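The values are calculated or read from the model by the stated rules, or taken from the named source; none is laboratory data. Quantities reported herein were computed from a predicted structural model and do not represent experimental measurements. Here the Cβ positions follow ideal geometry from the backbone for every residue, glycine too, while neighbour counts run over all protein chains shown.
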Amino acid sequence: MYKTKSLLGICLAFVTVLVLALALVATIPSASQITAEASSEPQPLDVGVLNPNDFVFEYVALTGNNALTYNGKQQYFSVKVTAFGSEYIDYTITYKLVGSSEEPTETAPINAGTYDVKITINEDTAIYKESRMEILPKPIELRLSGANEFVYENREYSLNVSALGAVGMDDIGLELTYVGNKHALEVGALPVDADTYTLQAVCTNPNYKFGGFTGSTVNELEITKGTLTAKAKDVTIKLGETPTFEVEVVGFAEGDDNTCIKSMPTVNFGGYDTVGKFSHVKPSGGSTDNYNFVYQESTLTVNKLEAQSAVQGTSSNLSVKGVFNHNFEFDARFVEIKSDEGKKMIESVEERGMLIIIDDIEYIYDMNIKAGDAVSDLVEIKIDNVTLDRYYNYSIIVVNEAGIATEITKYNYKDGILTFNSYDVGTIYVVCEKFEFIVWVVGGCVGIVVIILFVIFTRIKYVSEKRQIDAQNKQKKRNKKETLRVR
């Protein structure tokens, strides 16, 4: 029985080994399966001793027209290596930026630049090929929109600029420069002064380059000059004077003033040698960088120094000297003293208490102001063909249009011409002051009488004193004689 059990165990072990052997055989691929898998994926070849002539490298240098463009991602050099008619994959590609001191790396580059590429067979580093790969900066277009023509207002202007083509959130390092015909601005500065500016752009990020402008607006910005208004202040002079014109300029932008003006506009006007009012005085010239001038008219008034009128009803002339409005004009007439008009006018003066009973008004000249007025406070009035009695004193009463009367006691009379100064013009009364003459006559008579009386009194006193002296002398002589007799 013991032998039977041993035999059975041996049989079971043999069967188990057989089953395992059959299972192992089933897992081994056939020759056809091995050929199919080799053709679907390149495998390292067992080539024995490596010979450079056994390898074929198929690639295109990524330069020139085949250069790549920066896209923000790693970019790989493409190569196909074959050996003995089959693709060979056991190689390494390294990249090195041209001009860089860094070691080559297997990491594919991202940034724009020119890279040296080396493909090396791993089993023998002496077998390799070299090429180049260029990643070009990505062009950036700048879209321009909006207005590009402005008027100077002493503030900054710019074009509306939008960058097109940046990858993700990249900062393209855009620098804008406005280059004016007359003004050179720093990078990033915005134009203010009047000029025509050309916009220039540069991308400082080496992965990008400026690729041009697009959009509805050209890359020029124009700031035209603003407008200033120049006007001279109205000037009034008297005939013979030379006017000084002060030009005022308005219209400055906020922050600007006359200091912006290189040369002020001036007035060149030669019409001041005649009396009149000239409303076409206009400045000209002037220069400033940011403004043009427009000119407004102002007025020059040249006033009269003298006016004259014949005195109606007489052969006299009445003239006035001073400063008068350019259009000053008057008529003068003689009023008869004994006429009803003359009597009324005399009564009006008497009512003011300016005459006493023995004063006589000898002349009345009525001035009628037709236009204008006196500008100066004091005027000289002259009347010719006037007869005054040299034995009497005279005064002049002037009553202006407002009825205000002024008495003038200082005058000049010579050769029939009466001249005096007055603060008013109007109706002129020439008054003979007889009261003063009578006072002088009476005073003279009284003086003469006093002198005569004084002479008489002095004579009587002299005679009296002389008699007393004579009497005293006679007495002294008598006394002297009596003294001699006694002795």
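Observations, loosely collected:
- Every pair of residues 6+ apart whose Cβ atoms lie under 7 Å, when the first sits in segment 318-341 and is over 12 Å from residue 305 (Cα atoms) while the second is exposed (fewer than 15 other Cβ atoms within 10 Å of the Cβ) and among the acidic types (Asp, Glu): 335/341
- Within segment 70-89, tally of residues that are part of a loop (DSSP other than H, G, I, E, B) and either closer than 16 Å to residue 122 by Cα or polar (S, T, N, Q) (or both): 5
- Within the option set 192, 179, being touching a strand residue (DSSP E or B) at 6+ places or on another chain (Cβ under 7 Å) and either of a type in the set (A, V, I, L, M) or part of a loop (DSSP other than H, G, I, E, B) (or both) holds for one residue only, 179.
- Looking across segment 137-164 at every residue that is in a loop (DSSP other than H, G, I, E, B) and surrounded by 15 or more Cβ atoms within 10 Å (Cβ to Cβ), the one that is farthest from the chain's Cα centre (by Cα) is identified as 137.
- Among residues of segment 51-70 that are assigned by TED's automatic domain parsing to the domain that holds residue 97, those with a Cβ under 8 angstrom from a residue that is among the small types (Gly, Ala, Ser) and surrounded by 15 or more Cβ atoms within 10 Å (Cβ to Cβ), sequence gap 6+ or separate chain, pair up as 54/83; 55/83; 56/83; 59/131; 61/131; 62/131; 70/112.
- Residue selected from segment 242-278 under the condition in a loop (DSSP other than H, G, I, E, B), among the charged types (D, E, K, R) and without any contact (Cβ under 8 Å) to a residue 40 or more places away in the chain, by the criterion nearest to residue 306 (Cα to Cα): 273
- Residue 287 vs. criteria surrounded by fewer than 16 Cβ atoms within 10 Å (Cβ to Cβ), of a type in the set (Gly, Ala, Ser) and either modelled with pLDDT of 95 or more or under 23 Å from the mean Cα position of the chain (by Cα) (or both): yes
- Unique residue being at pLDDT 55 or above and either surrounded by 11 or more Cβ atoms within 10 Å (Cβ to Cβ) or not charged (D, E, K, R) (or both) when the list is 32, 78, 40: 78
- Positions within segment 185-230 being touching a Lys or Arg at 6+ places or on another chain (Cβ under 6 Å) and not hydrophobic (A, V, I, L, M, F, W, C), in sequence order: 195, 208, 214, 215
- Of all residues in segment 168-187, exactly one satisfies the criterion of being on the phi > 0 side of the Ramachandran plot and loosely packed, with under 10 Cβ neighbours inside 10 Å, namely 168.
- Selection status of residue 251, out of contact with any Ser or Thr (no Cβ under 7 Å at 6 or more places or on another chain) and not aliphatic (A, V, I, L, M): no
- Here residue 314 fulfils each of the conditions (1) under 37 Å from the mean Cα position of the chain (by Cα); (2) part of a loop (DSSP other than H, G, I, E, B); (3) in contact (Cβ under 8 Å) with a residue 24 or more places away in the chain apart from (1).
- Positions within segment 214-231 being of a type outside the set (S, T, N, Q) and either at pLDDT 95 or above or assigned to a loop (DSSP other than H, G, I, E, B) (or both), in sequence order: 218, 220, 221, 222, 223, 225, 226, 228, 230, 231
- Any hit, segment 90-109, residues being in a strand (DSSP E or B), surrounded by 14 or more Cβ atoms within 10 Å (Cβ to Cβ) and of a type in the set (S, T, N, Q): yes
For (1) loosely packed, with under 12 Cβ neighbours inside 10 Å; (2) under 26 Å from the mean Cα position of the chain (by Cα), each residue gets a yes or a no:
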| site | (1), (2) |
| --- | --- |
| 220 | no, yes |
| 228 | no, yes |
| 254 | yes, yes |
| 268 | yes, yes |
| 282 | no, yes |
| 293 | no, yes |
| 303 | no, no |
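- Residues of segment 279-308 classified as assigned to a strand (DSSP E or B) and touching a residue at least 24 places away in the same chain (Cβ under 8 Å), total: 17
- Among the residues of segment 366-416, those identified as within 51 Å of the chain's Cα centre (by Cα), among the small types (Gly, Ala, Ser) and assigned to a loop (DSSP other than H, G, I, E, B) are 372, 376, 402.
- Test for residue 123: is it part of a loop (DSSP other than H, G, I, E, B) and in contact with a Lys or Arg (Cβ under 8 Å, 6 or more places away or on another chain): no
- For segment 220-227, the criterion of being in contact (Cβ under 8 Å) with a residue 60 or more places away in the chain and over 22 Å from residue 147 (Cα atoms) is satisfied by no residue at all.
- Qualifying residue in segment 110-117 (condition: among the polar types (S, T, N, Q), closer than 24 Å to residue 172 by Cα, under 60 Å from the mean Cα position of the chain (by Cα) and in a strand (DSSP E or B)): yes
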